[in-house]
Amino acid sequence: MKVTWGWLADWVDLPPTPEALAHALAMRGFPVASIEQRVSLDPAIIVGRVLEASPHPNADRLHLCVVDVGSAKLSIVCGASNVAAGQSVAVAQIGARLPDGTKLRKTKIRGVESEGMICSERELGLSQEAEGIWVLPGSPPLGSPVQELLGAGEAILDVEITSNRTDCMAVRGLAREIASIGRGALKPVPALRASGKAAVPRVTIEDAGCRRYMARVVENVRIAGSPDWLRQRLEATGSRSINNVVDVTNYVLRTHGQPIHAFDASKVGGKEIVVRRARAGEGLTLLDGRKVTLSPDVLVIADGSRPMALAGIMGGLDSGVTGQTSTVVLESAEFSPELTKAGSRTLGLDTDASQRFIQGVDPEGVSLALDETARLLAEVASGVVSKAVVDLWPRKEPPKRVRLRRRRLTRLLGMDVDPAAITNGLMSLEIRQTKPWHGEDESGEFEAPSFRKDLGIEEDLIEEVARVQGYDLIPSLVRSRGKTDFLDAQAPHLVKHIVQVLCGFGFDELLTNALVGDVPSEVLPAGGEDELWEIQNPKSRELKHLRPSLLPGLLQAAARNLRHGAHEVRLVEAGKIFQASPPPLGSERREIGLVLVGTPDPWVQPQADQDRYLELKGVVESCLEALGIDSRKSAPYHETCWASGAGAAIESGRTRLARLGQVAPKLAAAAGLERPAWAAVLDFTTIADAVPSRRRFQPLPKYPAVKRDLAVLVGRAVTHGEVEDTIRRSGGRLLEIVKLFDVFEGEQLGSDKKSLAYALEFRSHDRTLQDREVDEAVQNIVRALGSAVGATLRGGVESTAAGRP
């Protein structure tokens, strides 16, 4: 959250410097990501007064201005439409350097020499306003540096707020936290002076989704631009200035954390406001111009005949404030987080207001924010605030009270804290003690303030005590614990090693978000959508689930790379996947995913096979071999994520180490891929268990290997795993390596046949093998293949003593 130094100073006494404040906030659990100092202008940018503004003799849209800067009268060519005689303006003299680094030089514009530049706020880096020149307020002294008008420039702090501390996502809430550090009391809200006599529309709440609703009228409002202080604060924190009424509601939202909506009073039909569910088929045109059709799942603010706004989400265009508005009805309310979330999802709308209501607003702060909005409208829009106010609070809930045991606190923090220090520390956070310390476990009861939605259990209070005492005072103690089922401490090193091995095969490591949107059916867990972990308060629909698989993220990244011109994409990611079972906490496990898609570089892999399965399988097997897992076999394996008949598993014993295959076309298309893709998923847990604790040194062989190529014809239903197992069983102790290097199917073989070609290596560790020994072993293999899988020899056995070319 971005906030200016002066904005915070309105509510609390601050430390001497922004750096000191940043340190204090960090010690309370609110690190400051950055401190940005406002722009510092060149002293050669000075105040001038426009004496004349006449049309340029050679251009219709330019003006030739005479500007008095005190020491001289300058002739300046200006293209702004709003320049006029008598204005005080910011003048960049020749030689001045603008904030963007541009150095001003004397130049001719359409044949007329310009001796400087009359600047806009955008050119000075003060705002995004670029409609015209900046007209300085008042009568500043001629020739004085413009920087003197701006002051030293206040700092902008970017504070990191954790998602549970919604109260500190507002300036006054953050100021309250700063005050608790020892900076005195929070400064009071300025008093509201209400003298108007306008009646407030009658308000009716028909649905329990509205917990509190307040309304107040402000008359004689003049719609105009906002004053500089208001506009600059909003723009400094990332908001665009619109007009004084809209800016005030945005300012109150950021100051108090309470969304405010303003209706044009003349457009409230029947002088009546009804908070109700939408009726099926009702329509509403929103402030951004979108037209939506409503359903009873949505809560609306209606007048006597039609919806005017989506409660807690967005206002309607027909009841909104325009340049002709003179009287506004201000709304401040508390809406159900659950109902607001449902309506926001149903309509696909995610707004600042809906996020606040989904996180929960302070019910006690509804009235304060309403009065502050009315007071500011009286100040910046010349409004007259009516005395009458509507306040309906049908669902007022009692404050939350939490029991705190001092013994429990001592056990969790590892330090003894005096009861008085606990009480005083919590009181500094406005957490009031309602029952004194008593009993053997020294328990007390504390009442959480209404703005602290995060305080609900004993551990929450203990954390607050730790923050007040100071995290740096908590002793660093190693507590003994029993053996758990967590992975060994070496697990991160093993993951890193596996990724490094795979990167050695040309893969690039990738990190994708563990939060995903809709999950393709091809990668859903066995239990379907019930097995998905759904986030309760997602930032968007694209971040609502914990991923159940690495594949969609890898495939989407591959598609992006191909769209940007890559010919081949080889990606690897190590990360966690999640399931909602077993309840209540679900489970997570670590996997390593690989994706291979595209066309390889012909210089690196000339005449490469278009089917990349064998290449990917070789990478996976080589990785397992590098980890010392020598005993393994492959077998057919099918999941919905693989194309039909194109999946396999690599196993060690009865444990599946990896699964791989061609990605199902539907899954690839959902990720944006328009070509075949191959993928593999390595199960880290089973691999970690299979990696030997010690690897024995294997000396380099003293004697050469004898190599044979063997091609056999088998039925199409016979799998490579069956053939490989038969070869290894029948090859005897001399058979060292079996590798499949070719699969061929064609009409010349018959419709029910395929050819599998294997490279075999034989070696003895104590002598050089003779051909007859190898030939005898090969014959045993051929006989075994014939009886086990019905294989016949194709083309004879080829001797490749020097290895296959």
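The values are calculated or read from the model by the stated rules, or taken from the named source; none is laboratory data. Just so it is clear, the structure is predicted and the values come from calculations on it, not from any experiment. Using ideal geometry, Cβ is built from the backbone for each residue, glycine included, and neighbour counts are taken over all protein chains shown. Note: accessible area is taken over every heavy atom of the protein model, side chains too, but ligands, DNA and RNA are not part of it. Shrake-Rupley method; radii C 1.70, N 1.55, O 1.52, S 1.80 Å.
Within the shell of other residues whose beta carbon sits under 12 angstrom from the beta carbon of residue 447, the net charge comes to +4, with Lys and Arg scored +1 and Asp and Glu -1.
Rounded to the nearest 10 degrees, the angle from helix 720-730 to the longest Cα principal axis of the chain is 40 degrees. Computed 3J(HN,Hα) for segment 374-383, one whole-Hz value per residue from the Karplus formula 6.51 cos²θ - 1.76 cosθ + 1.60 where θ = phi - 60°, is 4, 5, 5, 5, 5, 7, 9, 10, 6, x, glycine and proline marked x. Ligands, DNA and RNA aside, residue 110 has an accessible area near 150 Å² when probed at 1.4 Å. Each residue of segment 622-629 was assigned a 3J(HN,Hα) from its phi angle through the Karplus curve 6.51 cos²θ - 1.76 cosθ + 1.60 (θ = phi - 60°); the sequence is 5, 5, 5, 5, 5, 8, x, 8 Hz, with glycine and proline shown as x. Under a model in which nothing but the beta-carbon of Lys, Arg (+1) and Asp, Glu (-1) is charged, segment 705-803 shows a dipole of about 160 debye around its Cα centre. Note on residue 142/residue 94: beta-carbon distance plugged into 1/(1 + (r/R0)^6) with R0 of 22 Å gives a FRET efficiency of 0.80. Once the Cα atoms are used to define both axes, helix 771-789 deviates from the longest principal axis of the chain by about 70 degrees. To the nearest ten degrees, helix 419-428 and the longest principal axis of the Cα atoms of the chain are 70 degrees apart.
Our estimate of slack between residue 324 and residue 472, defined as 0.36 nm per intervening residue step minus the Cα-Cα distance, is 47.5 nm.
Enter the accessible area per residue of the chain (Å², integer; probe 1.4 Å; all protein chains in place). Walk me through the intermediate numbers first.
On the way: 40130 Å² over 805 residues.
Accessible area per residue, the chain: 50 Å².
Could you tell me what percent of the accessible area of segment 202-392 is made up of carbon and sulfur, with a 1.4 Å probe and every protein chain present? If you can, show how the numbers build up before the last one.
Numbers: 3250 of 6900 Å².
Summing carbon and sulfur atoms, their accessible area is 47 percent of the total for segment 202-392.
Working note: 222 nm ellipticity from helices only, DSSP H runs with n ≥ 4, each -39,500 (n - 2.57), summed and divided by the residues of the chain, gives -7500 deg cm²/dmol to the nearest 500. Rounded, prolate or oblate for segment 45-145? Axes are the square roots of the Cα gyration tensor eigenvalues, ordered a ≥ b ≥ c, and the cut-off for rounded is a/c under 1.5. Verdict is rounded for segment 45-145. In segment 293-428, the C-alpha radius of gyration followed by the widest Cα-Cα span (Dmax) gives 21.1, 65 angstrom. Relative contact order for the chain: 8 percent, from Cα pairs under 8 Å spaced at least 6 residues apart, divided by residue count. When both segment 266-281 and segment 199-243 are represented by their alpha-carbon centers, they are found 19 Å apart. Taking the Cα centre of segment 45-145 as reference, the dipole from Cβ charges on Lys and Arg (+1) and Asp and Glu (-1) amounts to some 340 debye. Only protein heavy atoms count here; on that basis, with a 1.4 Å probe, residue 634 has an accessible area of about 10 Å². In this label model, residue 33 and residue 280 are separated by 4.5 nm, measuring between points 7 Å along each Cα→Cβ vector.
Applying the criteria of a DSSP loop state and at most 13 other Cβ atoms within 10 Å to the GluC sites (Glu not before Pro) of segment 657-757 yields 674, 745.
Mind checking the full-extension length gain between residue 625 and residue 741? Use 0.36 nm per residue of separation minus the Cα-Cα distance, one decimal, nm.
Result: 40.0 nm gained on full extension.
How many nm separate the modelled label positions at residue 19 and residue 752, each set 7 Å beyond the Cα in the direction of the Cβ? Label-label distance for residue 19 and residue 752, simple model: 8.5 nm.
In order along segment 232-245, the phi-based Karplus estimate (6.51 cos²θ - 1.76 cosθ + 1.60, θ = phi - 60°) of 3J(HN,Hα) comes to 5, 5, 5, 5, 5, 9, x, 9, 8, 6, 10, 7, 5, 5 Hz; Gly and Pro are listed as x.
With q set to 0.10 Å⁻¹, the log10 of I(q)/I(0) for segment 202-392, from the Debye formula over equal scatterers at the Cα positions, is -0.36.
Which whole-number percent gives the relative contact order of segment 705-803, counting Cα pairs below 8 Å spaced six or more residues apart? Please report the intermediate quantities before stating the final value.
Numbers: 166 pairs, mean separation 47.0, N = 99.
Relative contact order of segment 705-803: 47 percent.
Take the Cα of residue 445, step 7 Å toward its Cβ, do the same at residue 290, and the gap between the two points is 4.6 nm.
As a fraction of the 1.4 Å probe accessible area of segment 700-797, surface on carbon and sulfur atoms comes out at 48 percent. Take every DSSP beta bridge whose two residues both sit in the chain; close to 95 percent of them are antiparallel. Calculated FRET efficiency, residue 601 to residue 792, Cβ-Cβ distance, R0 = 51 Å: about 0.85 to the nearest 0.05.
Projecting the Cα atoms of 413, 56, 495 onto the charge dipole of the chain, computed from C-beta unit charges around the Cα centre, puts 413 farthest toward the positive end. Which of the listed residues, 77, 65, 89, is farthest toward the dipole's positive end in segment 37-89, when Lys, Arg count +1 and Asp, Glu count -1 at the beta-carbon? The listed residue farthest towards the positive side: 89. The simple Förster model, with R0 at 41 Å and r as the Cβ-Cβ distance, assigns residue 82 and residue 563 a FRET efficiency of 0.35.
Sort 73, 267, 197 by accessible area with a 1.4 Å probe, largest first.
Output order, biggest surface exposure first: 197, 73, 267.
How big is the charge dipole of segment 217-280 about its Cα centre, in debye rounded to the nearest 20, if each Lys and Arg gets +1 on its Cβ and each Asp and Glu gets -1 on its Cβ?
Details: 10 positive and 6 negative charges, 69 e Å.
Here segment 217-280 has a charge dipole of around 340 debye.
A full extension of the chain between residue 240 and residue 656 corresponds to an added length of 144.1 nm, given 0.36 nm per residue minus the alpha carbon distance. Residues 614, 413 ordered from highest to lowest accessible area at a 1.4 Å probe: 614, 413.
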